[in-house]
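Below is one structure, written out as structure tokens; the observations come after it.
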Amino acid sequence: MRFMMLMLPGPKPEAGVLPDPKIFAAMMKYNEELQKAGVLLALDGLHPTAKGARVSFRGGRPLVTDGPFAEAKEVIGGYWMIQVKSKEEAVEWAKRVPAEDDNVIELRQVYDASDFPADVVTPDIAAREKALGAELEKKR
């Protein structure tokens, strides 16, 4: 099972405040533990929304809004993609994140083609998805 662990960092990073060096070092140690355990697939931290953009769609047309996003109550500050045996295992990893006060880790299971009925993910679509996955693996 693949899970995305989303870091909701609270207001400080959105204001451009970088983490305390001790937290940063603890986070690197945690990331290395995920790697050594063989569950880490990917991870990245994200810049504040002030450096981003949103593309929304109305009437079939894209509308681009540059950040920051004042209406956003919670923003994603980073993520880990992990592969584990169960939701419970994902929760155990999330509980070990060296987080600061006001941080939240949201866990979301990633869809797999087998999660959809056969009339949605036809054999042709499943084969195309598998080929895309193989191409992505080559690039890693």
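The values are calculated or read from the model by the stated rules, or taken from the named source; none is laboratory data. Keep in mind it's a predicted model, so treat the numbers as computed, not measured. Glycine also receives a Cβ, built like all others from the backbone with ideal geometry; neighbour counts cover every protein chain displayed. Each accessible area value is taken on the protein alone, full model and side chains, heavy atoms only, with ligands, DNA and RNA left out. Shrake-Rupley method; radii C 1.70, N 1.55, O 1.52, S 1.80 Å.
Couple of notes before you dig in:
- Output for the stretch 93-133, where each listed residue is free of Cβ contacts under 8 Å to residues at least 12 places away in the same chain, surrounded by 11 or more Cβ atoms within 10 Å (Cβ to Cβ) and under 18 Å from residue 33 (Cβ atoms): none
- From the options 46, 41, 136, 63, residue that is closer than 18 Å to residue 11 by Cβ, of a type in the set (A, V, I, L, M) and open to solvent by 60 Å² or more (accessible area, probe 1.4 Å): 46
- Members of the stretch 104-138 that are in contact with a Phe, Trp or Tyr (Cβ under 7 Å, 6 or more places away or on another chain) and assigned to a loop (DSSP other than H, G, I, E, B): 110
- Among (1) among the hydrophobic types (A, V, I, L, M, F, W, C); (2) surrounded by fewer than 12 Cβ atoms within 10 Å (Cβ to Cβ); (3) within 29 Å of residue 130 (Cβ to Cβ), the one test that residue 4 misses: (2)
- Residue check, residue 90 in contact with a Phe, Trp or Tyr (Cβ under 8 Å, 6 or more places away or on another chain), in a helix (DSSP H, G or I) and under 16 Å from residue 6 (Cβ atoms): yes
- Search result, residues across the stretch 103-120 that are touching a strand residue (DSSP E or B) at 6+ places or on another chain (Cβ under 6 Å) and not hydrophobic (A, V, I, L, M, F, W, C): 106, 108, 109
- Scanning the stretch 20-30 for residues that are at pLDDT below 90, more than 27 Å from residue 140 (Cβ to Cβ), part of a loop (DSSP other than H, G, I, E, B) and touching a Leu at 6+ places or on another chain (Cβ under 7 Å) turns up nothing.
- Residue within the stretch 72-85 that is surrounded by 10 or more Cβ atoms within 10 Å (Cβ to Cβ), in a strand (DSSP E or B) and among the acidic types (Asp, Glu) present: no
- Count of the stretch 24-38 residues, restricted to those that are closer than 21 Å to residue 90 by Cα and open to solvent by less than 80 Å² (accessible area, probe 1.4 Å), is 8.
- Looking across 92, 100, one residue alone is of a type outside the set (Lys, Arg) and modelled with pLDDT of 95 or more. It is 92.
- Residues in the stretch 49-60 that are among the charged types (D, E, K, R) and farther than 12 Å from residue 13 by Cβ were compared, and the one that is most open to solvent (accessible area, probe 1.4 Å) is 58.
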